[in-house]
1. Roughly how many nanometres apart are two label points built 7 Å out from the Cα toward the Cβ at Leu86 and Gln56?
2. Rounding to the nearest 20 debye, state how big the charge dipole of the stretch 121-263 is about its Cα centre with +1 on each Lys and Arg Cβ and -1 on each Asp and Glu Cβ.
3. For the stretch 251-369, take N as its residue count and report Rg(C-alpha) divided by 2.2 N^0.38 Å.
4. Quick check: convex hull over the Cα atoms of the stretch 50-149, volume per residue in Å³, rounded to an integer?
5. Could I have the simple spin-label model distance between Thr168 and Ser304, label points 7 Å from Cα toward Cβ, reported in nm to one decimal?
6. Pull out the extension gain between Ala180 and Glu318, defined as 0.36 nm times the separation in residues minus the alpha carbon to alpha carbon distance; nm, one decimal.
7. Would you work out which of Leu142, Asn201, His124 lies farthest towards the positive end of the dipole of the stretch 87-225? Charges go on Cβ: Lys and Arg +1, Asp and Glu -1.
8. Just grab the label-to-label distance for Asp76 and Asp339, each label 7 Å out from Cα along the Cβ direction, in nm (one decimal).
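Derivation of every value follows stated rules applied to the coordinates shown; laboratory data play no part. Since we're looking at a predicted model, the values are computed, not measured. We place every Cβ from the backbone using ideal geometry, glycine too, and count neighbours over all the protein chains shown.
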Amino acid sequence: MIGFSISGRIICKSILACCTPGSRVVFVSVVTLFLLLCIFPAAATIHLSEYTFSAQTGTYQEISGGMVFGNSTTDDQRFVSVSIPLGGISTTGVGIPIGFDFVFSGITYDRLGINANGWIALGHSALNPAVNMTSTDYFHPLSSVPSIDTGNQIARIAGFAQNLQAQTGASLRLLTIGEAPYRICVIQWTNYRMFAGTGQNFNFQIRLHETTNQIRIVYGSYTYQGVEKTVQVGLRGAPASAATNFHTRSSSSGSSNAWQLTDAGSNAAATIRFRSGTRPNDGLTYVFTPPVSAILPSPVTNLSISIAAEGIILQWDEAPGADLYHIYSADNPYDDDWDFETAQSTTTWLVANPNTSRFFRIISVRIDR
């Protein structure tokens, strides 16, 4: 029997039980097992200004394969569903799977939408719609204050937000690479340009990292001929009604290394100057890292029960990011009076010689380092 929770409360046909973030609740008797699974666990909101930032020099690693969106004529399209790869004007949809749970500003997401103008929006499959890319300014998404019912859907990441357009040889693709629990969702713009520009070629990626929840914006080769522009780069989170939760990058310098030496923006509308001699170097990587308190362990999954001569054995999969597992039990899941049983690093626990019905809760725990 499986229940689902968005707000932290579970409802099943025969049981109503509370579920805390990162926990699983199991009802055990000699003959009965109820397994309740939570999704979209709640977490404390982390202000994006608490994310640390670094500009690093590396190697641009272009991806191939994956899901391709748009074509050589793409201009202002939004991509909110795998089933509509050419995109359109709709700002809401079922979203594109990230491939894993990603925590941003303390909130868990598993879907995203892509705007051809150099940015993405995060969402969750449990919401309807899963993603909402509505904006008051689609070229400056970080400072936009749209009317969105679910404020958490304002989560945006801008890699190179401006009035962009595809051209011959351009592509926009998404590919999740690596293996759990350290997969990376890569969104890549190849051979894009400013609207109606000539002699221009932009290449960049937004990378979402599983478990660490780190965000990397990686720049490839850039060729630019045209008038000077400003570009939005950074992060934006809830609330939607006011652009108060942000981490933007800012520079008005016209030097050749200005993109390596940006400052934290004082507001969500901050931009970086962009022109022929002031552009990101090939391999420049912007790294946004959440504070340790925001790196929550994943919930326990695949909890199972087996009967042994000495009692009942509970077993579960290792939770990414967890150092320990706290096990609690109670006679009544409705009460807040849960008894602490043990803290352990292993993923198997024995309920010795059970002779009464008990509820068990297993919580994954991360130790701050």
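1. About 4.0 nm, to one decimal.
2. Values: 9 positive and 6 negative charges, 40 e Å.
Dipole magnitude for the stretch 121-263 comes out near 180 debye.
3. 1.86
4. Details: hull volume 14.9 nm³, N = 100.
About 149 Å³ per residue, rounded to a whole number.
5. Taking the two extended label points, one gets 5.7 nm.
6. Working: separation 138, 0.36 × 138 = 49.68 nm, distance 1.11 nm.
Extra length available between Ala180 and Glu318 comes to 48.6 nm.
7. Value computed over the given set: Asn201.
8. 6.6
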